[in-house]
Amino acid sequence: MKATLRSWVQRPDDSTGLSAERAVRLLREAEDHGPNWFWQTDRNGRVAYLSDKIANVFAAADIDPVGAVLADLLRIAGGESGRDDPERTLAFHLSARTAFTDYAVTPAIPGDRDWSWSVSGSPFTDPFGRFEGFVGTGTDMAAVRESDAEITRLALFDSLTGLANRQRMHISLEQTLAQPGYDGTALFLLDLDRFKAVNDTLGHPVGDALLKQVAERLLRVVDDAGLVGRLGGDEFQVVLPRMGNRTQMATLAQAIIASLSQPYFLSGHTVSIGCSIGIAVSPDDGATPDALVSHADLALYAAKDAGRGVHRFFHDALLDGARSRQQMADDLRVALSRDQLRIVYQPVVALADGRITGFEALVRWDHPTRGTVPPQDFLGVAEECKLTGQIGEWVLRTACHDAASWPEATRLSVPLSGAQLADPALTAILTNAVARAGLPAERLELSIAEASVLRDLPAAIATFAALQGIGICLALDDFGAGQASMTCLRRVPFDRIKIDRSFVRGVSDPEGRNAAVVRSIVTLAEQLGIATTARGIEYHDELAVLRDLGCTDVQGPVYGAPLDGATAAARLSADGGALSPQGPKAERAARTRMLRSTTIELGGRSRPARIRDLSTTGALIDLVDFGEAAIGSVVRIDTGGGHWAAATIRWAEDGRAGLHFDRPIVVERRVTIRRKE
């Protein structure tokens, strides 16, 4: 930069160096956007030019620096009067016409402000070699220190929350573990539950505000017990030196979870999230930062696997689980290459006539040593090792090939993973799959989970438009289970919604609210022209209620286990595709088997009987002579210890009868009382 200044003051021709205009522009840029400044003197040592920001310092003290002797304006920092007064050093160089570098100086002005400048200078001559004066640069060292401090802050602190960042947490943990007497240091690894849904539905500004409030709550709860940091995203870390006592650690972890789970009020929205915590303790779980972090991460994985909103300590069995998952991941890669995966088809049945309208393709894994591995055991591992896209494409192509031979009206439903939805080549893959199989695109329905849609909603909307453009149908899976089902339904024109099992379970209970919820979902779907499928049906009475509520289709264990490809095709041909429900007619509470003498009252008359099964909702009795005429009658029965319950006779045959209590009873209490007699 000094060379640029020299070029400007010596004003060479444009053909031999920088033009004066370019030199001035560069100097102004450096002056305005950095800690540096520039000065020039004439041959007598008087200031001919001084950067505005430094000239203003002198002007504030009523001193005009231009024309003043430079040595009178600047004092060598720390200078003292006397024979060896270092203040003469600057004057010496100016008079001796010798260069100087990085002299620490302060302005010769009154006041207590601690100025800290550094100056350098060198003589310059005209084109004929005659001395013209000095040209030099200066630096505001206070600004440099502030800049260095800001760089350090950015390097060690999270810019959003102000907490320590990953690097500082690692340094702190490393220093803590290196000190003697710091055994019992705990590392908490935290992950926010449901944060992504907030970010996706309410936007990143709200998500950022939420993270700031999370940081504030963490600081309040942890207080002086440890150092709190944010690793990135929704991951936080706490280092707790010398805590030692695991009971105290558990208490603190529960306090953190309770605090972070309280509602947040953000930009007019009330938001609720959760927190899972993994804990590792030195030296038992590791003596190095990397070992502690790795083991805390395994503990966090266990906490999430336990249902989230809990904490878990690391233990050696978690390493076995990690090794098992790694082995399963390796085996899964082999399974893809050796055709160990197969597809089964779960029937989708129309409630109107009981006929199969389609099948949902489900993947199964026949492991050579483990046997049939349930999908819930390996799909999570497949997602961790980035195999869901590859497995999903195999399922898609295989199922399309099988479905091409089904009757033309039969629909194929294929689950679509988040990894597949994010694949830019998805539309091309689907187009190729249906074309090669000879399956009309209109018969293919993709079932997509809400979380996959929300991962990148704008991109998902664009992809769905392309898919529907080629005729493929879209279904929103597990409708109502997430927090943003209505957002998905409002933004994406789905062709079908699949009602989550949690609403179907108990839909036949006249005192429950699930029937009203399902009715509202079906009504909403009808208004939008969307078909509905209730999933996970297990009992006959659920079918009857769902039919009355107007649900379009159902699927679940009530129609038996999923079928292999050949059986599915044969089932479509048999009986015109009609399918009869199997299994129990109604959901029954857990029963306690017994042989207990009792008394019942019917029509004002008491008679002996014996209880064989007892549950909270009913009983199986024998040694009675009820006929069919008694079915529907109300009786009273002693369930034990003189506790009577009103019940209705549901069936009666061969000296036995089934009773349904008007109100649920507490079975444990009845059993206990009976045993005390």
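The values are calculated or read from the model by the stated rules, or taken from the named source; none is laboratory data. Keep in mind that what you see is a predicted model, and the values were worked out from it rather than measured. For neighbour counting, all protein chains shown are included, and Cβ atoms are generated from backbone atoms with ideal geometry for every residue, glycine included.
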Among the numbered conditions (1) buried (at least 21 other Cβ atoms within 10 Å of the Cβ); (2) without any contact (Cβ under 8 Å) to a residue 24 or more places away in the chain, tell me where residue 234 comes up short.
(2)
Here are 163, 177, 187: which of them is touching a helix residue (DSSP H, G or I) at 6+ places or on another chain (Cβ under 6 Å) and over 21 Å from residue 262 (Cβ atoms)?
187
Can you find a residue in the range 270-287 that is assigned to a strand (DSSP E or B), modelled with pLDDT under 90, in the same structural domain as residue 242 (by TED's automatic domain parsing) and closer than 24 Å to residue 256 by Cα?
yes
Restricting the range 585-618 to residues that are polar (S, T, N, Q) and either without any contact (Cβ under 8 Å) to a residue 12 or more places away in the chain or touching a Phe, Trp or Tyr at 6+ places or on another chain (Cβ under 6 Å) (or both), the residue that is surrounded by the fewest Cβ atoms within 10 Å (Cβ to Cβ)
606
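Look at the range 491-524 and say how many of its residues are of a type in the set (Ser, Thr, Tyr) and surrounded by 16 or more Cβ atoms within 10 Å (Cβ to Cβ).
The qualifying residues number 1.
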Got at least one residue in the range 138-154 being part of a strand (DSSP E or B), surrounded by fewer than 19 Cβ atoms within 10 Å (Cβ to Cβ) and of a type in the set (S, T, N, Q)?
yes
Mind checking which residues of the range 102-146 are of a type in the set (D, E, K, R) and either modelled with pLDDT of 85 or more or closer than 24 Å to residue 62 by Cα (or both)?
102, 112, 113, 114, 126, 130, 132, 140
Residues in the range 467-499 that are touching a strand residue (DSSP E or B) at 6+ places or on another chain (Cβ under 9 Å), of a type outside the set (Phe, Trp, Tyr) and either closer than 28 Å to residue 439 by Cβ or in a strand (DSSP E or B) (or both) total 19
Which residues, taken from the range 604-628, are small (Gly, Ala, Ser) and more than 26 Å from residue 509 (Cα to Cα)?
604, 606, 609, 627
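Filtering the range 525-555 down to residues that are without any contact (Cβ under 8 Å) to a residue 60 or more places away in the chain and assigned to a loop (DSSP other than H, G, I, E, B), which residue is surrounded by the most Cβ atoms within 10 Å (Cβ to Cβ)?
Across the range 525-555, the extreme among qualifying residues is 537.
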Within the range 426-436, identify whether any single residue is within 30 Å of residue 537 (Cβ to Cβ), modelled with pLDDT of 90 or more and surrounded by fewer than 19 Cβ atoms within 10 Å (Cβ to Cβ), and answer yes or no.
no
Touching a Pro at 6+ places or on another chain (Cβ under 6 Å), assigned by TED's automatic domain parsing to the domain that holds residue 495 and in a helix (DSSP H, G or I): is that true of residue 558 in this structure?
yes
Could you grab the pairs with beta carbons closer than 9 Å, sequence gap of 6+ or different chains, first residue in the range 481-503 and over 18 Å from residue 414 (Cα atoms) and not assigned by TED's automatic domain parsing to the domain that holds residue 415, second one at pLDDT 85 or above and in a strand (DSSP E or B)?
none
Taking the criterion of being assigned to a helix (DSSP H, G or I), of a type outside the set (Gly, Ala, Ser), in contact (Cβ under 8 Å) with a residue 12 or more places away in the chain and within 26 Å of residue 219 (Cβ to Cβ), would at least one residue in the range 184-191 satisfy it?
no
